[in-house]
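The values are calculated or read from the model by the stated rules, or taken from the named source; none is laboratory data. The structure presented is a predicted model; accordingly, all values stated were derived computationally and were not measured. Cβ placement follows ideal geometry from the backbone for every residue including glycine, while neighbour counts extend to all protein chains displayed. Heavy atoms of the whole protein, side chains included, go into the accessibility calculation; ligands, DNA and RNA do not. Shrake-Rupley method; radii C 1.70, N 1.55, O 1.52, S 1.80 Å.
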Amino acid sequence: MRCIPGGRATALSLILAACLAGAPALAADMEVAGVRVPEQLSEGGHTLVLNGAGLRTKFVVKVYVAALYASAKSQDAATLINSNEPRRMRLQLLRDVDSKSLDAALQDGLNDNTHKAERAALQVHADRLSALMAEIGSAREGDVIDLDFDARGVTVTDNGKQRGRIDDPAFARALLRVWLGDNPAQSSLKKALLGTP
């Protein structure tokens, strides 16, 4: 077995160290309530980065882990809500939830964060959301519901199965305000989704 002369070995070590130092750091996944939350997702050819993730509780019961993905990170709720770039709100259930309860929580969030006149104009889309939630039926612990937002509206998917779209940018913004609006479902969750302390 031939030994590499000391000078050459040192040079190779330095080159390797320099290459590793210049390499981009690998993105680290998060863990929230025992759920692994990927740092990046790929959606329709776009790479989405994790903006923030947190736990949704109701009466101290853990309901779901929510993770917000965006094209670029932002701590400004209005920027995320009004963006035309792809965004995804991923909900991973931590307990069994029937679709009526899930829909009722979303409808309450819409009511709490939408002016009355706008809410009336969006009622047909709110009804469509209820129908899509009904198609999901009972969500089980571990199930994943994705809400994909874009410039045209929002797509509802559960466990990788697309349920349907609502093509109205105003409704998409209203739905995202359920978590990021002035009266969010849970203020601590809003902060976690925005990545603010």
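Restricting to region 86-144, count the residues that are free of Cβ contacts under 8 Å to residues at least 12 places away in the same chain and of a type in the set (S, T, N, Q).
3
Which helices (runs of 4 or more DSSP H) does region 44-153 wholly contain that include 1 or more residues that are farther than 19 Å from Leu180 by Cα? So that I can check it myself, show each step before the final result.
Values: elements: 77-82, 99-113, 116-121, 123-136.
Those helices (runs of 4 or more DSSP H) span 99-113, 116-121, 123-136.
List the residue pairs whose Cβ atoms are under 8 Å apart, where the first residue sits in region 152-173 and is over 10 Å from Leu132 (Cβ atoms) and without any contact (Cβ under 8 Å) to a residue 60 or more places away in the chain, the second is part of a helix (DSSP H, G or I) and open to solvent by 10 Å² or more (accessible area, probe 1.4 Å), and the two are 6 or more positions apart or on different chains.
Arg152/Pro169; Gly153/Pro169; Asp168/His125; Ala170/Glu118; Ala170/Ala121; Phe171/His125
Name the residue that is farthest from the chain's Cα centre (by Cα), counting only residues in region 99-131 that are open to solvent by 70 Å² or more (accessible area, probe 1.4 Å) and among the acidic types (Asp, Glu).
Checking each candidate, the answer is Asp127.
Which residue out of Asp158, Asp146, Asp96 is surrounded by fewer than 13 Cβ atoms within 10 Å (Cβ to Cβ), closer than 22 Å to Ala33 by Cα and touching a strand residue (DSSP E or B) at 6+ places or on another chain (Cβ under 9 Å)?
Values: Asp158 fails: surrounded by fewer than 13 Cβ atoms within 10 Å (Cβ to Cβ); Asp146 fails: surrounded by fewer than 13 Cβ atoms within 10 Å (Cβ to Cβ).
Asp96 is the lone residue from the list that is surrounded by fewer than 13 Cβ atoms within 10 Å (Cβ to Cβ), closer than 22 Å to Ala33 by Cα and touching a strand residue (DSSP E or B) at 6+ places or on another chain (Cβ under 9 Å).
Only residues that are touching a helix residue (DSSP H, G or I) at 6+ places or on another chain (Cβ under 9 Å) and within 16 Å of Arg36 (Cα to Cα): list them for region 46-61, please. Write out each step before concluding.
The initial filter retains those residues of region 46-61 that are touching a helix residue (DSSP H, G or I) at 6+ places or on another chain (Cβ under 9 Å), namely 51-58.
Hits for region 46-61 are Asn51, Gly52, Ala53, Gly54, Leu55, Arg56.
For region 171-181, does any single residue satisfy the condition of being among the β-branched types (Val, Ile, Thr), open to solvent by 50 Å² or more (accessible area, probe 1.4 Å) and modelled with pLDDT of 95 or more?
Initially, region 171-181 is screened for residues among the β-branched types (Val, Ile, Thr), giving 178.
So of that shortlist, the ones also open to solvent by 50 Å² or more (accessible area, probe 1.4 Å) come out as none.
Within region 171-181 (the criterion being among the β-branched types (Val, Ile, Thr), open to solvent by 50 Å² or more (accessible area, probe 1.4 Å) and modelled with pLDDT of 95 or more), the answer is no, since none of the residues qualifies.
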